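This report concerns only the one structure given below.
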Amino acid sequence: MRSSNPVFSRRGFSRDNGHASFNAAPQAGAATAGTNPFAQGTAANPYATNPYAQGTQPGAPAPARTDAMTIEDVVTRTAMTLGLVVVAAAIAWWTMPVDEGNLGTAYGVAIGAAIIGFVLSLVNSFKRRPSPPLILLYAAFEGVFLGIVSNIVSVYVAPGAAMQAVLGTMAVFAGVLIAYRTGLIRVTRRFYGFVMAAAIGFMLLMMVNLLFAVFGGGDGLGFRSGTLGIIFGIVAIVIGACILALNFKQVEDGIAYGAPREEAWLAAFGLTVTLVWIYIEMLRLVAILSGDD
């Protein structure tokens, strides 16, 4: 089980690579070879060998594991990660002035925090084993970025925008969770492929828009303002909601297949990245709508 966020995913979902397949939901008593990629002693189980043990040959048997991941593990670690984002954002909001005299400094700190957070997200995504300190460090820097940006938007563009974005993000999370649990959203291999293609295409388009903005000035191709900005903001939120469904599926499969407890940190990381994405797009959408009033 790994993060399904479009930039940060480094493992697929097919049984061919030893991870849970979207097309093979676990059934009661189905922990057998060929159906449960996490089952001990099966050829398809990535944890049947110990790739991390020092001084052992590749493929050496892993020690018996009794610390399988549970939903409580995922909830606890996600609460820790998101809680740190909120705390860091609140501290940055109240300690970093965004008046006209300090606006440039605030922007600089926000951009620096965003860059460090992005680098940490890549590091966390490509590490062979989850690193709780690095995941929490990512959350802290991401919180600093969100706190400053939210404060700037609330002061200069749309008072109350941050709270509206928070409520919107919570609504999306609750809506996707309910739809997923009731079966309205079914995460299949085709769904996964469509979402990933849409997310990668969207980000490439935004990168092109950013390049035009940097070298041509203004808002680039205009994808982030006016009517186009509203349309692309809604599309981004919908993509984020779909990625959230992928996160829920990974958590469900990881628990059902007996993934090790440390994988709960990756689940928390994936959920945090997705919710940050949705919040940023919500904040941007609120700002655009307020500017059009």
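Some values worked out for this structure:
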| quantity | calculated |
| --- | --- |
| Residue match in the range 96-118 (condition: modelled with pLDDT under 95, closer than 30 Å to E263 by Cα and among the polar types (S, T, N, Q)) | no |
| Selection from the range 268-282 of residues that are more than 8 Å from the chain's Cα centre (by Cα) and open to solvent by 10 Å² or more (accessible area, probe 1.4 Å) | Y279, I280, E281, M282 |
| The lone exception for E262 - which of (1) touching a Ser or Thr at 6+ places or on another chain (Cβ under 7 Å); (2) surrounded by fewer than 22 Cβ atoms within 10 Å (Cβ to Cβ) it fails | (1) |
| Qualifying residues in the range 132-155 (those that are more than 14 Å from L82 (Cα to Cα) and touching a residue at least 60 places away in the same chain (Cβ under 8 Å)) - the one least open to solvent (accessible area, probe 1.4 Å) | S150 |
| Checking A158 against (1) more than 22 Å from the chain's Cα centre (by Cα); (2) in a helix (DSSP H, G or I); (3) surrounded by 14 or more Cβ atoms within 10 Å (Cβ to Cβ), the condition it does not meet | (2) |
| Members of the range 161-193 found to be open to solvent by 40 Å² or more (accessible area, probe 1.4 Å) and either closer than 30 Å to E100 by Cβ or at pLDDT below 90 (or both), listed by number | M163, Q164, V166, L167 |
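Okay, residues lined up against (1) out of contact with any helix residue (DSSP H, G or I) (no Cβ under 6 Å at 6 or more places or on another chain); (2) more than 22 Å from I278 (Cα to Cα); (3) modelled with pLDDT of 85 or more; (4) not in a helix (DSSP H, G or I):
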position: V195; (1), (2), (3), (4): no, no, yes, no
position: M207; (1), (2), (3), (4): yes, no, no, no
position: L210; (1), (2), (3), (4): yes, no, no, no
position: F232; (1), (2), (3), (4): yes, no, yes, no
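For (1) over 12 Å from the mean Cα position of the chain (by Cα); (2) among the acidic types (D, E), each residue gets a yes or a no:
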{"site": "G226", "(1), (2)": "yes, no"}
{"site": "A236", "(1), (2)": "yes, no"}
{"site": "I239", "(1), (2)": "no, no"}
{"site": "C242", "(1), (2)": "no, no"}
{"site": "K249", "(1), (2)": "yes, no"}
{"site": "D253", "(1), (2)": "yes, yes"}
{"site": "E262", "(1), (2)": "yes, yes"}
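The values are calculated or read from the model by the stated rules, or taken from the named source; none is laboratory data. Computed from a predicted model, the values in this text were never measured in an experiment. Here the Cβ is made from the backbone with ideal geometry for all residues, glycine too, and neighbour counts use every protein chain on show. All accessible areas refer to the heavy atoms of the entire protein, side chains included, with ligands and DNA or RNA removed. Shrake-Rupley method; radii C 1.70, N 1.55, O 1.52, S 1.80 Å.
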